[in-house]
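To keep things clear, I will list the structure first and then write my remarks on it.
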Amino acid sequence: MKNKIVILVVMTIVILFSGCIQSNTSQIDALASTINNHIKNGDQYYNNSGQAVNQFQYSTALSYCNNASSEFNLAQTSAKQGLTYAQNSNDTVYVNYMQDVVNELDAKINATEELKTAISYLQDNDSVNANIHIGNANDLMNNAVQFNNLRQQIIKQNPTKFK
């Protein structure tokens, strides 16, 4: 009789705690919307910055760049946490996906820094150096698009893992 009570207590404790403990993959899923929202916001700020540059509104463009940097950095912090969860899960699909997210964000952060540098040159009427940095920013954003495409391929190839 005593063994039955002990088993019942242990099972109750296990059931109570099983709902409180999240797996690595569920933690990745929880981070996904946060990461995607920050990327979306960062992209919008980056695009707004480019439009402001085209309209010679350099201080506005710089402000948008700063907002983009902030959003991309927030996304990167969450993505690196997600990569750690993926590595702990030993699931290569999640590891590859999260590594592509981190790589995409590295490219976007660097592109934003290049655009900020270009804006500084434009404010000083140095279009030669500004164009070099604008070209670098464009190249980095193209790299970011490639990493995003890799992420989309992983999602298409593994529909059961991604909702």
With all protein chains present, how much of the accessible area of the chain (probe radius 1.4 Å) comes from carbon and sulfur, to the nearest whole percent? 53
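Under 14 Å from the Cβ of ASN148, count the other residues' Cβ atoms, weight Lys and Arg +1, Asp and Glu -1, and hand me the total.
0
Please report, in whole Å³, the volume per residue of the convex hull around the C-alpha atoms of segment 25-158.
Details: hull volume 11.2 nm³, N = 134.
In segment 25-158, the Cα hull volume divided by residue count equals 84 Å³.
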Once the dipole of the chain is set up from charges on Cβ (+1 Lys and Arg, -1 Asp and Glu), the residue from the list ASN41, GLN57, ILE109 lying farthest towards its positive end is ASN41
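If a/c stays under 1.5 just call it rounded; otherwise compare a/b with b/c (prolate if a/b is bigger, oblate if not). Do that for segment 33-90, with a ≥ b ≥ c from the square roots of the Cα gyration tensor eigenvalues. Kindly include the intermediate steps, with their values, before the conclusion.
Numbers: a/c = 4.58, a/b = 3.60, b/c = 1.27.
Prolate.
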Which of LYS40/LYS163; LYS40/LYS161; LYS108/LYS163; LYS80/LYS108 have a Cα-Cα distance over 20 Å? LYS40/LYS161; LYS108/LYS163
HN-Hα J couplings of segment 91-103 from phi, Karplus 6.51/-1.76/1.60, θ = phi - 60°, integer Hz, Gly and Pro as x? 9, 5, 5, 5, 4, 4, 4, 5, 5, 5, 4, 4, 5
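Count charges around SER120 for me, please; just the other residues with Cβ under 15 Å from its Cβ, Lys/Arg as +1, Asp/Glu as -1. Let's see the in-between values first.
Details: positive: LYS116; negative: GLU113, GLU114, ASP124, ASP126.
Here the charged neighbours net out to -3.
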At 1.002 mPa s and 20 °C, Stokes D of segment 89-151 from Kirkwood alpha-carbon radius, µm² per second: 171
Tell me the per residue accessible area of segment 25-158 using a 1.4 Å probe; a whole number in Å² is fine. 52
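The values are calculated or read from the model by the stated rules, or taken from the named source; none is laboratory data. These numbers were taken from a predicted model, which means no experiment stands behind them. A quick note on method: Cβ atoms are made from the backbone with ideal geometry, for glycine too, and the neighbour counts reach across all protein chains shown. Calculation scope for accessible area: heavy atoms of the full protein, side chains included, ligands and nucleic acids excluded. Shrake-Rupley method; radii C 1.70, N 1.55, O 1.52, S 1.80 Å.
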